[in-house]
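Written out below as structure tokens is the structure these notes cover.
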Amino acid sequence: MTDAGINNLGDIAGFFTNAGGTVGSFLKHDGHTIFLNVPGASATTALGVNDFDEVVGVYSVGSGTGAMMHGFTWTPERGFRTVDDPHGIGTTTINGVNDRGDLVGFYVDSAGNTDGMLAIPRH
């Protein structure tokens, strides 16, 4: 298991590769481990967590050159939500979230450039 993010409460988000070679994710919270895998994804990689246990990361659908990457958020209350930058659908990674739910990450644009992104949710 690889720890990728920790919040101020000591909860840890991360990822692992199982015996079959599939990448899955987890949240270690209050002495328990919650396994997180986006339904239908070929890989789920958690990269960050905030103090409300909102986990963020990236998941893949498909394999090889046809694989698509999508950012995600997950909370215990609402489960998974996909996050794609409009200029990088299928190439978005979310690697950080603050306690207000603001997301940071990156995507690859149509010219092949890697661009940073900030997403601020509507409240």
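The values are calculated or read from the model by the stated rules, or taken from the named source; none is laboratory data. What you see is a predicted model, and the numbers here were worked out from it, not measured in a lab. So basically every Cβ, Gly included, is an ideal-geometry build from the backbone, and we count neighbours across all protein chains shown.
At a glance:
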quantity	calculated
Count - residues of the stretch 73-86 that are crowded, with 16+ Cβ neighbours inside 10 Å and outside any loop (DSSP other than H, G, I, E, B)	4
Per-region count, the stretch 106-123, residues surrounded by 10 or more Cβ atoms within 10 Å (Cβ to Cβ), touching a His at 6+ places or on another chain (Cβ under 8 Å) and at pLDDT below 95	1
Verdict on ALA41 being touching a residue at least 12 places away in the same chain (Cβ under 8 Å), buried (at least 17 other Cβ atoms within 10 Å of the Cβ) and assigned to a strand (DSSP E or B)	no
Output for the stretch 87-117, where each listed residue is over 11 Å from the mean Cα position of the chain (by Cα), outside any strand (DSSP E or B) and under 21 Å from VAL55 (Cα atoms)	GLY88, ILE89, GLY90, ASN98, ASP99, ARG100, GLY101, ASP102
Residue match in the stretch 51-65 (condition: modelled with pLDDT of 95 or more, under 19 Å from ASN7 (Cβ atoms), part of a strand (DSSP E or B) and of a type in the set (Ser, Thr, Tyr))	no
The lone exception for HIS70 - which of (1) in a strand (DSSP E or B); (2) under 27 Å from GLY10 (Cβ atoms) it fails	(2)
Matching residues in the stretch 71-86 - criterion: being within 10 Å of the chain's Cα centre (by Cα) and of a type outside the set (A, V, I, L, M)	GLY71, PHE72, THR73, TRP74, PHE80, ARG81, THR82
Every residue from the stretch 107-123 that is in contact (Cβ under 8 Å) with a residue 12 or more places away in the chain and either within 13 Å of ILE89 (Cα to Cα) or touching a strand residue (DSSP E or B) at 6+ places or on another chain (Cβ under 6 Å) (or both)	TYR107, VAL108, ASP109, SER110, ASP115, GLY116, MET117, LEU118, ALA119
Complete set of residues in the stretch 4-22 that are in contact (Cβ under 8 Å) with a residue 24 or more places away in the chain and either in contact with a Gly (Cβ under 8 Å, 6 or more places away or on another chain) or under 16 Å from MET69 (Cα atoms) (or both)	ALA4, GLY5, ILE12, ALA13, GLY14, PHE15
